Amino acid sequence: MADSRPQTKTTRIMMLPILLVCAAITLSCNAGREAADTEKLRQERQLLLSRIETLREEQRFLRFEKELTGTDKHYLVLDTQKGVGSLRLGGRVLREFKLFLNECMRPEPTTPEDASSYVLPKGSVQIIALMKDPVWYVPDWFYLKEGKAPPPVNGSERLIRGPMGAYAIFFGGGFVIHGRPLQGAPRAPMQHACIILKDDDLRVVVSLLDKGSVAYVR
Amino acid sequence: MKRTTLAIKIVLSALCALALACHGDREREAMSREIADLRTVAARLEYENGNMWQDIRVRIGDEPYIVVDTIGNKLSLRKGERALMEAIVSTGSGKLVEEKGGRKWIFTTPKGTFTVLGKERDPVWYKPDWAYVEDKLPIPPPNSQARMVRGILGKYALSIGGSYKIHGTPYKRFLGQSVSHGCIRLKDEDMETLYNQVALGTKVYIY
């Protein structure tokens with residue numbers, strides 16, 4: 001009987017870590033489930049953040065649309081996700097047309113700035129010039145690439161008609177809407193973000209928009 | 001001694017596991033709170049956007065409207081973002097007719113925003129002076145019955161002001177071409193559909 005006391009004490013001392021270990025085991029069993037829960041929460045958070053971004057983008061567009069609704073202004077809405085554009089007047093769609101994206105030939109970007117200049121802007125942009133029979137000003141690098149010496153900066157041989165089609169609409173920020181190259185015209189590499197429209201659509205758009213008209217790129 | 005060390009190690013490991021579990025709980029709690037906040041933000045944005053859409057719809061109106069493309073000779077009846085019908089039309093030829101006396105007429109379709117001011121079944125065409133000048137015929141008096149021509153405007157017509165109409169035509173073979181005297185001609189079947197879907201006051205956008 002006398003020997004049993006220390007044994008009981010030892011057993012009690014050993015019980016604590018055992019209990020703790022049991023708790024830890026239980027917790028680690030739960031850990032898998034909790035990790036899954038955490039992952040689920042992360043995914044939900046990510047989905048919500050992305051939904052909020054979409055809603056904010058939609059709100060920016062709605063503000064733009066609301067401002068022009070009921071006015072007598074013509075403007076463009078260019079949905080680059082769907083590849084569809086529309087010409088609108090005071091909120092009403094007058095014409096819908098296909099957008100040809102990523103069809104411009106481009107020089108290899110030599111700097112990150114070059115690469116970013118090929119990316120279409122998002123949001124509201126304003127027309128700075130509309131041009132019939134736009135000319136392409138051949139830059140130095142084009143001659144150098146072909147192993148030729150660039151002609152004088154103001155040389156008329158630098159101006160080529162046709163690569164941008166029959167019309168071009170220039171927007172602030174270097175973004176251009178233009179037509180397909182005219183028959184026989186060279187396909188020139190363009191150093192800008194661009195959208196190509198069919199000639200019929202472009203002709204109508206050019207006839208109704210002016211310098212200062214706006215477009216919304218989504 | 002060894003037993004005690006082992007026990008301490010086990011206790012410490014267990015405590016670490018507990019601490020980690022507690023930390024995981026706190027992280028999940030924080031994330032749950034953030035998710036609740038994000039849900040509130042999303043709900044507020046959805047509400048605001050819904051209101052803005054509603055405002056825009058109210059301002060534009062929900063009535064159908066007509067769009068005429070004089071370059072492509074196409075007409076569409078639209079409602080909101082949808083095209084309800086599309087038709088091939090004939091619009092103004094741009095031709096010039098000149099009278100010896102000095103009067104001139106250019107047969108263009110006017111561009112801009114118009115309104116349907118009248119709807120007619122079996123419309124009668126009041127043959128104007130230019131039609132006689134164009135055909136090199138003598139011009140009858142203004143009230144002459146000879147000026148009243150039936151059938152030439154088809155079965156239905158919509159007046160858009162300034163003697164311009166959207167109407168049917170027997171000259172179906174010219175649809176898609178700019179051959180009219182300024183009116184917008186459709187084949188009778190399309191004209192009937194259009195006539196039945198528009199009311200007085202419908203907006204007509206011509207470009």
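Every number in this text was worked out from the coordinates using simple rules, so none of it is lab data. In this text, all values refer to a predicted model and were calculated from it rather than measured experimentally. As a convention, Cβ positions derive from the backbone with ideal geometry for all residues, glycine included, and neighbour counts pool all protein chains shown.
Could you derive backbone 3J(HN,Hα) for region A:161-166 from the dihedral phi with the Karplus parameters 6.51, -1.76 and 1.60 (θ = phi - 60°), listing whole Hz in sequence and x where the residue is Gly or Pro?
8, x, x, 9, x, 7
Need one number for region B:54-199: average projected area of the convex hull over its C-alpha atoms, nm². Display every interim value, and only then the final one.
Working: hull surface 38.6 nm².
If I average the Cα hull's projected area over directions, I get 9.7 nm².
With the dipole of the protein assembly as shown worked out from charges on the C-beta (+1 for Lys and Arg, -1 for Asp and Glu) around the Cα centre, which of A:Ala35, B:Pro123, A:Ile169 lies farthest toward the positive end?
Working it through, the farthest residue towards the positive pole turns out to be A:Ala35.
Please report Rg (one decimal) and Dmax (integer) in Å for the Cα set of the protein assembly as shown.
Considering the protein assembly as shown through its Cα atoms, Rg and Dmax are 36.4, 145 Å.
Before rounding to the nearest 500, sum -39500 (n - 2.57) across all DSSP H runs of length at least 4 in the protein assembly as shown and divide by the residue total; then give [θ] at 222 nm in deg cm²/dmol. Intermediate values should be presented prior to the final figure.
Details: 7 runs with 162 residues, N = 425.
It lands at -13500 deg cm²/dmol.
Please arrange A:Thr111, B:Thr169 by counting, for each residue, the other beta carbons lying within 10 Å of its beta carbon, fewest first.
Numbers: A:Thr111 8, B:Thr169 23.
Taking fewest neighbouring Cβ atoms as first place, the list is A:Thr111, B:Thr169.
Write down the Å³ per residue value for the convex hull defined by the alpha carbon atoms of chain A. Could you put the intermediate results ahead of the total?
Values: hull volume 46.9 nm³, N = 218.
Looking at chain A, the number lands at 215 Å³ per residue.
Using alpha-carbon positions, what is the distance between the centroids of region A:61-90 and region A:149-197, in Å?
Result: 26 Å between the Cα centres.
Using a Förster radius of 51 Å, what is the FRET efficiency between A:Glu103 and B:Ala19 based on their Cβ-Cβ separation? Nearest 0.05, please.
So the FRET efficiency works out to roughly 0.30.
Which three extents, in angstrom, do the Cα atoms of region A:100-217 have along their principal axes, listed largest first?
42, 32, 24
Starting from the Cα gyration tensor of region A:178-218, take the square roots of the eigenvalues, sort them a ≥ b ≥ c, and report rounded, prolate or oblate (rounded when a/c is under 1.5, otherwise prolate if a/b is larger than b/c, else oblate). Can you show the working numbers first?
Numbers: a/c = 2.41, a/b = 1.45, b/c = 1.66.
Oblate, since a/c reaches 1.5 and b/c is not below a/b.
Taking 0.36 nm per residue of separation and subtracting the Cα-Cα distance, what length does fully extending A:Lys211 through A:Lys40 add? Display every interim value, and only then the final one.
Details: separation 171, 0.36 × 171 = 61.56 nm, distance 5.07 nm.
56.5 nm is the gain from fully extending A:Lys211 to A:Lys40.
On the principal axes of its Cα set, how long, how wide and how thick is region A:144-183? Give whole Å, largest value first.
Result, largest extent first: 30, 28, 19 Å.
How large are Rg and Dmax for region B:117-204 when calculated on the C-alpha trace, in angstrom?
So, for region B:117-204, Rg and Dmax equal 13.5, 40 Å respectively.
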